[in-house]
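Engineer: Quick one: this structure, given as structure tokens, is what I'll be asking you about.
Only the coordinates and a few stated rules stand behind these numbers; no lab work does. Just so it is clear, the structure is predicted and the values come from calculations on it, not from any experiment. Positions of Cβ are generated from backbone atoms using ideal geometry, with glycine treated the same way; all protein chains shown enter the neighbour counts.
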Amino acid sequence: MILTTSMLIDQLKDFSDPSGKIMRMKANGELFQLTRGFYETDGTVPGYCLAGVIFGPSYLSFDYALSVYGLIPETVYTYTSATFDKKKAKKLSNHFGRFTYRDVPSGVYPFGIVIREENGYIYQIASPEKALCDKLYTMPPVTSRRDIEKMLFEDLRIDTSEFTKLDFNGILQIGDMYHSNNLKYLQKYLRRNIK
């Protein structure tokens, strides 16, 4: 269960030193600090369930989501999330893993987010299409359709069979909102190569 410092202090109000009790609970493994002011009582909760609480608003995306969907062959051990208007990337580690956060354009942020529930925890993850767009947005710009094809299938090693299952209309609808060369060339590639 996720608790804030104020919730804990209220629960521990009968103790003479609630803050000291919180410190002892952390030391004894009864509480796990997520970030300043937020704690988790269960040390076995998967980190992806907590990524949005640690820093937000955010949703899981980029490499982590691409791996979840089987679009890239690597297993990703860092919970990578998208934010907006934060101006700089954020990285942190805690008991639950490593977490990174980086901006996507605010205009595209609300599109393509899937809400999931697991054991009472609600978290958000990008759709496969949105995760791919977010990832391409963060990569160095390409200058041709051939370059975007190389980026997809050689650099990122996108699984071609999983790629063909994507909703290309969704990518075509949101691609322009990124104002990114990579998304512009992805759209051109899709229009030319996908029937």
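Engineer: Below 14 angstrom from the Cβ of residue 143, what's the summed charge of the other residues (Lys, Arg +1; Asp, Glu -1)?
Structural biologist: Details: positive: 145, 146, 150, 184, 188; negative: 147, 149.
Combined, the nearby Lys, Arg, Asp and Glu give +3.
Engineer: I need the phi-derived Karplus couplings for segment 68-74: 6.51 cos²θ - 1.76 cosθ + 1.60, θ = phi - 60°, integer Hz, Gly and Pro marked x.
Structural biologist: With coefficients 6.51, -1.76 and 1.60, one gets 4, 7, x, 6, 10, x, 6 Hz.
Engineer: With only Lys, Arg, Asp and Glu charged, each at its Cβ (+1 for the first two, -1 for the last two), find how big the charge dipole of segment 10-126 is about the Cα centre; round to the nearest 20 debye.
Structural biologist: Numbers: 13 positive and 12 negative charges, 104 e Å.
Roughly 500 debye for segment 10-126.
Engineer: From the C-alpha coordinates alone, can you work out the Kirkwood hydrodynamic radius of segment 48-193, in Å?
Structural biologist: Details: mean 1/r = 0.0647 Å⁻¹.
Roughly 15.5 Å, rounded to one decimal.
Engineer: Considering only 161, 144, 95, whose Cα is most displaced toward the positive end of the charge dipole of segment 48-193, charges sitting on Cβ of Lys, Arg (+1) and Asp, Glu (-1)?
Structural biologist: About the Cα centre, the residue reaching furthest to the positive side is 144.
Engineer: Hey, with R₀ at 25 Å, roughly what FRET efficiency would residue 167 and residue 90 work out to, going by the Cβ-Cβ distance, to 0.05? Write out the running numbers ahead of the final one.
Structural biologist: Values: r = 30 Å, r/R0 = 1.20.
After rounding, the FRET efficiency stands at 0.25.
Engineer: Taking the dipole about the Cα centre of the chain, with the C-beta of Lys and Arg at +1 and of Asp and Glu at -1, give me whichever of 37, 193, 72 is farthest to the positive side.
Structural biologist: The residue sitting most towards the positive pole is 193.
Engineer: In whole Hz, with x marking every Gly and Pro, tabulate ³J(HN,Hα) for segment 15-27 from phi via Karplus 6.51 cos²θ - 1.76 cosθ + 1.60, θ = phi - 60°.
Structural biologist: 7, 5, 9, x, 5, x, 5, 4, 4, 5, 4, 5, 5
Engineer: Quick one: 42, 159, 85, fewest Cβ neighbours within 10 Å first, how do they rank? Walk me through the numbers on the way to the answer.
Structural biologist: On the way: 42 12, 159 16, 85 9.
Arranged by neighbour count, lowest to highest, 42, 159, 85 become 85, 42, 159.
Engineer: Share of antiparallel DSSP beta bridges in segment 48-193, in percent to the nearest 5? Intermediate values should be presented prior to the final figure.
Structural biologist: Values: 13 of 20 bridges.
Antiparallel bridges: around 65 percent, rounded to the nearest 5.
Engineer: Report the extension gain between residue 30 and residue 139 in nm, rounded to one decimal, defined as 0.36 nm multiplied by the number of residues separating them, less their alpha carbon distance. Walk me through the numbers before you get to the answer.
Structural biologist: Details: separation 109, 0.36 × 109 = 39.24 nm, distance 4.09 nm.
Here the segment from residue 30 to residue 139 would lengthen by 35.1 nm.
Engineer: In whole Hz, what ³J(HN,Hα) sequence does segment 98-115 give by Karplus (6.51, -1.76, 1.60; θ = phi - 60°), x for Gly and Pro?
Structural biologist: Per-residue couplings from phi come out as 9, 10, 10, 9, 8, 6, 10, x, 4, x, 9, 3, x, 8, x, 10, 9, 9 Hz.
Engineer: I've got another one for you. If I fit a long axis through the Cα atoms of helix 181-193 and take the longest principal axis of the Cα atoms of the chain, what angle between them do I get, 0 to 90°, rounded to 10?
Structural biologist: The two axes meet at around 50 degrees.
Engineer: Taking H as built 1.01 Å from N, whose amide H comes closer than 5 Å to the amide H of residue 56, not counting residues under 5 places away?
Structural biologist: Hits under the 5 Å cutoff: none.
Engineer: Still on this structure, please answer the following. Dipole of the chain, Cα-centred, from +1 at each Lys and Arg C-beta and -1 at each Asp and Glu C-beta, to the nearest 20 debye? Intermediate results must be reported in sequence, preceding the final value.
Structural biologist: Values: 25 positive and 22 negative charges, 147 e Å.
Computed about the Cα centre, the dipole is about 700 debye.
Engineer: Another question, if that's okay. Straight-line reach only, C-alpha to C-alpha below 17 angstrom: list the lysines that residue 150 could link to, leaving out same-chain residues fewer than 8 apart.
Structural biologist: Reachable lysines: 135, 184, 188.
Engineer: How high is the FRET efficiency between residue 192 and residue 111 when r is their beta carbon distance and R₀ equals 30 Å, given to the nearest 0.05?
Structural biologist: Details: r = 24 Å, r/R0 = 0.79.
Approximately 0.80, to the nearest 0.05.
Engineer: Please list, short to long, the whole-number percent of alpha-carbon pairs of segment 2-44 in consecutive 10 angstrom bins beginning at zero.
Structural biologist: 31, 61, 8, 0
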